[in-house]
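Report on one structure; see the data block that follows.
Readers should treat all values here as calculations from the given coordinates under stated rules, not as data from a laboratory. Remember, it's a predicted structure, so these values are computed and weren't measured experimentally. When we count neighbours, we look across all protein chains shown, and the Cβ atoms used for this are built from the backbone with ideal geometry, even at glycine.
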Amino acid sequence: MLASESADPVILSWVSVLPPLLAIVLALALRQVIPALFIGVWFGAWAINGFGFLALWQGLLESFQKHILAALADTDHSAVILFSLMIGGTVGIISRNGGMQGIVNLIVNWADDARRACLATAGMGLAVFFDDYANTLVVGNTMRPVTDSMNVSRAKLAYIVDSTAAPVATLALVTTWIGYQVGLIGESLSYIPDLNMEAYLLFLSTIPYSFYPLLAVGFVFMVCATGRDFGPMAKSEEQAKTRGVNTFDHLDSALAEDCKPISPVEGKPLRAINAILPIALLVLGVMGSLYVTGSAALGEKEASLKNIIGAADSYKSLMWGSLIGMMTAALLTLAQRILSLEEVVNSWYSGVKSMFYAMIILILAWSLGGITEEMRTADYLVSVLGDSLQVQWLPVIVFILAAATAFATGSSWGAMGILIPLIVPLTWAVMKASGFAGADDMHILYSSIAGVLAGSVWGDHCSPISDTTILSSMASGCDHIEHVRTQIPYALLVGGVAMGVCLVPVAYGLPWWVALSISVGLLFTVLRLAGRKAEPGQQ
């Protein structure tokens, strides 16, 4: 019997659901994403080989030698890895050459009261958009003495830092997150031959539907601008105004050491241009490269901008842009003699190292996606759910599933890596089966992809074991449980509004901008009615 024939009983059966399901269950149980993903790949390779004891051993070997190698050898995958590493290296250089601190100093000079201190912190969170770790560590450590002097509670500082880290990094056009997310989406598109769309452009189309990150950032600015709080945060603010800011010296010293940012070199000028120019050229490089590659692909002199961008090579553009940004950062640093060539390379490598863990998750996620494609998992789920599942409910379902996975594992990237390769083909297949695969129905696909990305951020945002949640506590000098306790009511409010007012109505045809406008108004009303300003002397 041929190998393909022996695998036929597995294909289009309930067994095809087990690899991603096993990865989710193990991620929740072990709270470790990498082993969970690898075991999911191993189980899938075992099933493809027909089960049995020898197949178990063969599946183990093939999971590494065949499936993981295939994921790594793919040229598009390699482009995403190189882009992500280059972005990380750029962050390392502009942190060490003082450019990032220069941006920080420009913002800090404006903060002269509690309201401005909070707004400056949130604004800095937007300015340091290109990496969530850099955002958390730089903003928290820099603004802590400023907010302390204004009697802003450490809990509120941690909330502002946490809410402008991952939510901003998942939305911005070029960040350390984008290569990872585009890589997952691109892998999923390879399983949908009748959907001809560039991965990066598909990601850009999902941004208006990333309701939780958009509303989370908006709500932070509402809280900062009004000075109003509710729930445990209001009590924490009142205590800070009455007794002064509480500091927590019992933070684990080893973890505190790990959360230190890359410091600028001593005795050198802290020029904001050394960060602004590389980042600006990085973004312009990506946009310009999209135009160049799209024009070359079409070969038309009068093609519309939409058609040019639609025909562009997003992977090539991301690589070109990241190289331009990194080279600009390095040349600026060397030209001003801030760092030697050896120090520039070391700074670049320090930034690159921070991306290794994420790249391992990404490669394993690609491998699991290949397994589910080979086992036709999406086709099986459509055959089971196609007639019973209303396609309009997919975005909110995947949002909740992603949030639960990220909350339990503490990893938004892990949740994305597990779910995106499964959800994208499934959504498209259900849309086709339900007659919703026309040009006017693409909002359902956008909402489902955004549901995974935004739901992962929401779950990560609420999770006490999330790395960004922990780093936000430490960089802000706030007791970790106090940070989680005061932040969760805000996150639950914004997440509930994102689901009830945005995801479901938009799936049924409400324009996204109308849903966002209603949500912003609702959140502001709740804050005005339920929130109160902290005053000294209140208990």
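Points to keep in mind about this one:
- Total lysine pairs under 14 Å (Cα atoms) in the chain, excluding pairs fewer than 8 apart on one chain: 5
- Charge tally around Ala530: other residues with Cβ under 13 Å, Lys/Arg +1 each, Asp/Glu -1 each, net +3.
- Taking the longest Cα principal axis of the chain as reference, the axis of helix 211-226 is set at about 10 degrees.
- The charge dipole of segment 3-531, taken about its Cα centre with unit charges on the Cβ of Lys, Arg, Asp and Glu (plus for the first two, minus for the last two), comes to roughly 1280 debye.
- The gain in end-to-end length when the Ala172 to Asn105 segment is fully stretched comes to 21.9 nm, 0.36 nm per residue minus the alpha carbon separation.
- Local net charge near Asn151, Cβ-Cβ under 15 Å (Lys/Arg +1, Asp/Glu -1): +2
- Surrounding net charge for Val265, when Lys and Arg each add one and Asp and Glu each subtract one, Cβ distance under 9 Å: 0
- Packing, taken as the mean count of other beta carbons within 10 Å per residue, orders the peptides 451-460, 476-485, 54-63 from highest to lowest as 451-460, 476-485, 54-63.
- Helix 53-62 and the long axis of the chain differ in direction by around 60°, with both axes built from C-alpha atoms.
- Taking every C-alpha pair closer than 8 Å and separated by at least 6 residues, the mean separation divided by the residue count of segment 3-531 gives a relative contact order of 25 percent.
- Signed unit charges on C-beta, dipole axis of the chain, positive-most listed residue Gly52, Ile68, Gly98: Gly98
- 0 to 90° range, to nearest 10: angle between helix 467-476 axis and the chain longest Cα axis: 10
- Think of it as helices only: each DSSP H run of n ≥ 4 in the chain is worth -39500 (n - 2.57), and spread over all residues that comes to -23000 deg cm²/dmol at 222 nm.
- Pair Gln390, Glu343: separation of 7 Å Cα→Cβ label points (nm): 6.3
- Taking a ≥ b ≥ c as the square roots of the eigenvalues of the alpha carbon gyration tensor, the chain is prolate, as a/c is not under 1.5 and a/b beats b/c.
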